[in-house]
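Down below is the structure, laid out as structure tokens.
Read-outs: derived from the displayed coordinates by stated rules, not from any lab. The structure displayed is predicted, hence computed values, not measured ones. Reconstructed Cβ throughout: ideal geometry from the backbone, glycine too, with neighbour counts over all protein chains shown.
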Amino acid sequence: MADVPDAAQAFRGRSVVSADDFSKEEVLALLDAARAYDPVQRGDAPLPPSLQGRVLGLLFFEPSTRTRLSFESAMLRLGGSVLGFSDARQSSFSKGESLVDTIRVVEGYCDAIVLRHPREGAARLAAEVAGIPILNGGDGSNQHPTQTMLDLYTIREAAGALDGLRVGFMGDLRYGRTVHSLASALLHFDVDLCFIGPENLQLPSDLRDTLKAAGRLGSEVELLSDAGALDVLYMTRIQQERFPDPMDYERVRNAYRVDRAALEPFGPDLKVLHPLPRVNEVATDVDDLPGALYFQQTRNGVTVRMALLDLILGGAS
Amino acid sequence: MADVPDAAQAFRGRSVVSADDFSKEEVLALLDAARAYDPVQRGDAPLPPSLQGRVLGLLFFEPSTRTRLSFESAMLRLGGSVLGFSDARQSSFSKGESLVDTIRVVEGYCDAIVLRHPREGAARLAAEVAGIPILNGGDGSNQHPTQTMLDLYTIREAAGALDGLRVGFMGDLRYGRTVHSLASALLHFDVDLCFIGPENLQLPSDLRDTLKAAGRLGSEVELLSDAGALDVLYMTRIQQERFPDPMDYERVRNAYRVDRAALEPFGPDLKVLHPLPRVNEVATDVDDLPGALYFQQTRNGVTVRMALLDLILGGAS
Amino acid sequence: MADVPDAAQAFRGRSVVSADDFSKEEVLALLDAARAYDPVQRGDAPLPPSLQGRVLGLLFFEPSTRTRLSFESAMLRLGGSVLGFSDARQSSFSKGESLVDTIRVVEGYCDAIVLRHPREGAARLAAEVAGIPILNGGDGSNQHPTQTMLDLYTIREAAGALDGLRVGFMGDLRYGRTVHSLASALLHFDVDLCFIGPENLQLPSDLRDTLKAAGRLGSEVELLSDAGALDVLYMTRIQQERFPDPMDYERVRNAYRVDRAALEPFGPDLKVLHPLPRVNEVATDVDDLPGALYFQQTRNGVTVRMALLDLILGGAS
């Protein structure tokens with residue numbers, strides 16, 4: 001559908017394991033291509049059944065309803081079908097079969113596989129043995145590249161461009177794979193990064209080193225009030241299980257929560273993103289702000305995944 | 001597909017939260033429209049792919065295989081697709097996300113949502129925040145409006161008309177939401193109602209008051225043999241968990257069970273309905289009676305839901 | 001799609017309960033028909049949407065991801081849709097409903113049903129009450145007829161013919177239903193059978209009697225090294241739960257494991273099959289042998305099931 005011959009060439013038949021695998025040109029080509037699918041996702045344009053007869057396998061070794069449904073919606077909107085499982089415990093793949101065997105079996109059932117797996121590197125391994133494209137739907141706390149692409153798309157569509165922005169990340173900087181992927185992908189652009197999080201949930205050292213080497217570490221602060229001016233605030237959920245002491249969790253949880261009042265100093269143009277689900281870290285009084293983009297962000301997830309599936313499976317060529 | 005312009009106008013884009021939301025004219029329009037889908041459900045007519053490319057979301061926060069599969073079948077028969085989850089425990093929506101957030105996310109993935117939720121009022125809340133139609137697939141012991149429509153359709157097709165009937169409800173009158181919804185919807189018609197149930201499972205007082213105010217309470221008896229003549233007997237399952245003492249349950253369970261012999265006094269024209277699943281409350285020797293409609297009733301569920309989905313999503317216009 | 005009028009006549013609308021229900025001519029007709037679907041499964045031929053608008057019900061009362069996904073893939077590749085459940089525990093069918101009632105309800109939702117059930121004879125019972133075809137997807141340790149058809153297809157395509165082969169079965173000969181079904185179906189052909197298994201997992205006596213009466217029992221040995229020349233080695237997994245003493249299991253498990261070295265004496269033409277999943281009974285160093293057919297075997301599962309569904313549901317006529 002999309003008229004992007006170069007991107008089609010770059011993406012056709014390709015696995016998507018890490019956001020870092022894409023060059024800046026490829027990222028921009030995908031974001032450009034996605035725009036054509038936006039009216040389809042909104043229901044304002046007829047659905048192109050470009051993937052009719054094609055089957056997407058969804059292997060979710062840990063539950064992730066949101067990512068799963070978003071991929072399903074994208075595939076179904078393009079006329080394709082889906083199969084798979086949403087929880088490894090219900091599947092016979094828990095009978096001791098290796099991931100390699102599972103992939104070699106399931107690749108006989110479909111044209112591409114979305115893999116969600118608790119182990120870091122699972123998607124890379126799967127992509128090495130599979131004869132069909134593997135799309136990483138999250139491997140442990142490592143990568144979630146399609147989330148990164150939809151985050152980039154959301155910021156770019158809302159702000160007009162990626163270059164020149166100051167982007168703050170707040171919450172769980174240590175285990176939040178959406179933070180790692182997005183921060184890393186933003187290195188392609190001329191952005192200034194700021195990290196706001198509690199002492200025990202700071203950036204992992206390898207990512208900090210990468211950012212530092214690129215001269216993009218920006219500031220690391222513990223309080224939002226110390227962050228300075230921001231164009232974008234990317235929030236994440238802090239998970240209780242990271243804190244052995246419930247008291248510590250309660251304290252941190254309330255410190256890394258924003259409401260309308262807390263965001264006021266940043267002005268009306270601040271864009272607020274969140275990969276969702278939220279618990280209480282973004283108060284519902286933020287929802288009506290023009291810059292509250294998190295629900296738009298989940299819709300963009302379908303848009304960007306439609307573009308990606310169409311490019312990879314050849315529907316867009 | 002159906003040639004019912006007024007109904008199409010009334011249903012297009014609309015949520016279905018409670019059977020009480022429909023006027024008598026709307027109920028009849030739906031039941032008339034459904035007739036056109038009956039040959040399709042039976043496989044005697046070609047399938048109209050009127051909802052091709054449309055996606056129905058199924059959010060089942062408690063399991064209900066029958067309602068879920070019936071909606072799925074209806075949507076698939078019309079050329080559409082489905083996505084969702086069948087048990088909230090497997091979904092990431094159990095991570096503490098509010099129902100409002102869940103709806104605002106999932107509405108980005110589909111064109112309408114069927115919601116099954118243990119909490120009364122969940123469907124009403126969802127319909128208020130959603131930008132797409134919400135179909136209540138059961139909210140606690142409150143409402144299950146599409147079950148009511150298929151019950152009405154089944155009675156009307158079998159008896160020729162709804163006016164003039166004497167309808168008995170037997171079993172759990174207190175918690176059985178199918179009883180509540182159907183009794184309430186029958187107020188649109190000139191019917192006589194009779195309620196047969198154990199002392200601790202009588203009608204809830206608000207429904208009794210409504211029926212009384214409308215002059216339709218009819219008789220309330222404890223034994224089927226005291227019910228008098230009946231055209232329709234609507235059976236429900238009595239759930240063990242309503243009885244703290246297992247002995248009480250055993251006694252009641254056997255008293256509210258019918259077999260061929262128990263139904264003989266009502267004559268050969270008695271229609272027997274049951275929302276299913278049954279445990280033992282309708283003996284299998286009833287299955288061969290011409291008036292045993294419960295399996296036809298489940299098939300009618302697909303027919304009526306096809307009509308409803310087609311009207312709401314615009315395939316019928 | 002397939003041009004096999006006799007087979008179409010024999011299969012149309014028919015249930016598939018046991019491999020023994022098929023005559024030799026019917027088996028061959030199915031295997032011939034399947035060949036036409038192989039390029040479709042491999043993605044080398046356009047997809048025939050011959051089952052568009054048709055719905056396949058998948059009732060899995062015990063999990064079996066592989067069989068379920070293989071049937072789903074076959075149905076989706078033919079343009080059809082699927083619905084059902086993958087685990088009875090999540091379904092409301094666990095509320096005490098009889099299997100007969102479940103079948104009579106679900107047959108209203110679809111055009112054919114694949115049934116996986118832990119009880120022997122469940123598929124036979126379902127086929128007797130259903131008005132639509134029932135496909136046995138495994139009933140206890142009894143039958144799994146579509147697995148047998150794909151096994152036969154795999155052997156025939158690889159070896160050129162079924163007659164004249166010497167086929168060894170190794171592992172759990174007692175509870176392995178794939179062994180029972182395939183050995184029984186091979187009676188149609190001029191093959192020599194050999195059984196290799198531990199003392200407590202020998203063939204069930206009724207199957208041994210059948211094979212003996214047909215003069216086909218061949219040899220029964222405890223060690224692969226005593227099996228003599230083989231054209232085909234059909235491996236099965238030995239399940240830990242068959243051994244009350246873990247020590248016994250460990251001993252047997254290692255004795256019924258093959259690697260490249262153990263297979264060398266059989267020469268380069270040996271075909272190795274396994275229904276999968278494997279744990280360690282076939283070492284991964286076997287995977288690269290030209291005769292290692294188990295991954296091809298799972299792909300053939302889609303091919304054969306496409307042919308079967310198309311023949312039964314009339315898409316092939």
Subject >> Semi-axis lengths, Å, chain A, gyration tensor of Cα atoms, sqrt of 5 times eigenvalues >> reply: 32, 23, 18
Original post:
Summing Lys, Arg as +1 and Asp, Glu as -1, what charge do residues with Cβ under 9 Å from the Cβ of C:ALA159 carry, C:ALA159 excluded?
Top reply: -1
**OP:** Taking a cut-off of 14 Å between Cα atoms, list the aspartates and glutamates near A:LYS271, but don't count ones fewer than 8 places away on the same chain.
**Re:** A:ASP151, A:GLU157, A:ASP231, A:ASP259, A:ASP287, A:ASP288
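Can you give the % of DSSP beta bridges in segment C:130-226 that are antiparallel, to the nearest 5? Before the final figure, lay out each step's value.
Values: 1 of 9 bridges.
If we restrict to bridges inside segment C:130-226, about 10 percent are antiparallel.
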Subject >> Copy-to-copy label separations for A:VAL221, where each label sits 7 Å from Cα toward Cβ, in nm and ascending >> reply: 7.8, 7.8
Subject >> Dipole axis of chain C (+1 Lys, Arg; -1 Asp, Glu on Cβ), positive-most option in C:VAL100, C:ALA45, C:GLY314 >> reply: C:VAL100
**OP:** Determine the calculated [θ] at 222 nm for chain A from helices alone, applying -39500 (n - 2.57) to every DSSP H run no shorter than 4 residues and normalising by the residue count; nearest 500 deg cm²/dmol.
**Re:** -11000 deg cm²/dmol
Original post:
Just for segment C:53-155, what percent of DSSP beta bridges are antiparallel, to the closest 5?
Top reply: 5
Subject >> Ascending count of other beta-carbon atoms within 10 Å, so fewest first, for B:VAL40, B:VAL279 >> reply: B:VAL279, B:VAL40
Original post:
What helices does chain B have that are whole DSSP H segments, at least 20 Å long along their own axis by Cα, and with mean Kyte-Doolittle hydropathy of 0.0 or more?
Top reply: B:294-313
